[in-house]
1. Give Thr37, Thr51 a once-over and let me know the one that is among the β-branched types (Val, Ile, Thr), in a helix (DSSP H, G or I) and either at pLDDT below 90 or surrounded by 10 or more Cβ atoms within 10 Å (Cβ to Cβ) (or both).
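The values are calculated or read from the model by the stated rules, or taken from the named source; none is laboratory data. Fair warning: this is a prediction, and the values are worked out from it, not measured in the lab. Don't worry about glycine lacking a Cβ; one is built from the backbone with ideal geometry, like all the others, and counts go over all protein chains shown. We work out accessible area using only protein heavy atoms, side chains counted, and drop any ligands, DNA or RNA first. Shrake-Rupley method; radii C 1.70, N 1.55, O 1.52, S 1.80 Å.
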Amino acid sequence: MLREFLNDESGATMIEYGLIAALVSVAAIAALTFLGTSLTKIFNNVAAILTSV
(Lines give C-alpha, C1' and ligand atoms only; values in the text may rest on other atoms or scores of the structure.)
Protein backbone atom coordinates (compact mmCIF):
# COMPACT_ATOMS: atom_id res chain seq x y z
CA MET A 1 0.00 0.00 0.00
CA LEU A 2 2.87 2.38 0.81
CA ARG A 3 4.59 1.59 -2.49
CA GLU A 4 1.40 2.34 -4.41
CA PHE A 5 1.11 5.67 -2.62
CA LEU A 6 4.72 6.60 -3.38
CA ASN A 7 4.40 5.61 -7.05
CA ASP A 8 1.12 7.50 -7.57
CA GLU A 9 1.77 10.48 -9.87
CA SER A 10 -1.80 11.61 -10.54
CA GLY A 11 -1.44 14.64 -8.25
CA ALA A 12 1.69 15.78 -10.08
CA THR A 13 -0.18 15.62 -13.39
CA MET A 14 -2.97 17.80 -12.00
CA ILE A 15 -0.45 20.34 -10.78
CA GLU A 16 1.18 20.41 -14.22
CA TYR A 17 -2.20 21.00 -15.88
CA GLY A 18 -2.90 23.77 -13.40
CA LEU A 19 0.42 25.46 -14.14
CA ILE A 20 -0.21 25.24 -17.89
CA ALA A 21 -3.69 26.75 -17.45
CA ALA A 22 -2.24 29.59 -15.36
CA LEU A 23 0.42 30.31 -17.98
CA VAL A 24 -2.15 30.36 -20.79
CA SER A 25 -4.36 32.74 -18.80
CA VAL A 26 -1.49 35.13 -18.08
CA ALA A 27 -0.55 35.14 -21.78
CA ALA A 28 -4.17 35.76 -22.79
CA ILE A 29 -4.54 38.65 -20.34
CA ALA A 30 -1.30 40.23 -21.56
CA ALA A 31 -2.34 39.88 -25.22
CA LEU A 32 -5.80 41.32 -24.60
CA THR A 33 -4.37 44.23 -22.61
CA PHE A 34 -1.96 45.08 -25.43
CA LEU A 35 -4.66 44.63 -28.06
CA GLY A 36 -7.11 46.76 -26.08
CA THR A 37 -4.67 49.66 -25.95
CA SER A 38 -4.08 49.45 -29.70
CA LEU A 39 -7.79 49.29 -30.46
CA THR A 40 -8.46 52.33 -28.29
CA LYS A 41 -5.90 54.33 -30.27
CA ILE A 42 -7.40 53.20 -33.59
CA PHE A 43 -10.95 54.09 -32.57
CA ASN A 44 -9.83 57.48 -31.26
CA ASN A 45 -8.11 58.22 -34.59
CA VAL A 46 -11.20 57.20 -36.56
CA ALA A 47 -13.40 59.32 -34.32
CA ALA A 48 -11.11 62.34 -34.81
CA ILE A 49 -11.15 61.89 -38.59
CA LEU A 50 -14.93 61.54 -38.67
CA THR A 51 -15.35 64.62 -36.47
CA SER A 52 -13.15 66.75 -38.70
CA VAL A 53 -14.94 65.73 -41.92
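1. Thr37
Yes/no matrix, rows are residues, columns are (1) modelled with pLDDT under 90; (2) touching a helix residue (DSSP H, G or I) at 6+ places or on another chain (Cβ under 9 Å); (3) open to solvent by less than 60 Å² (accessible area, probe 1.4 Å):
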{"position": "Leu6", "(1), (2), (3)": "yes, no, no"}
{"position": "Ala12", "(1), (2), (3)": "yes, no, yes"}
{"position": "Ile15", "(1), (2), (3)": "yes, no, no"}
{"position": "Ala21", "(1), (2), (3)": "no, no, yes"}
{"position": "Ala47", "(1), (2), (3)": "no, no, yes"}
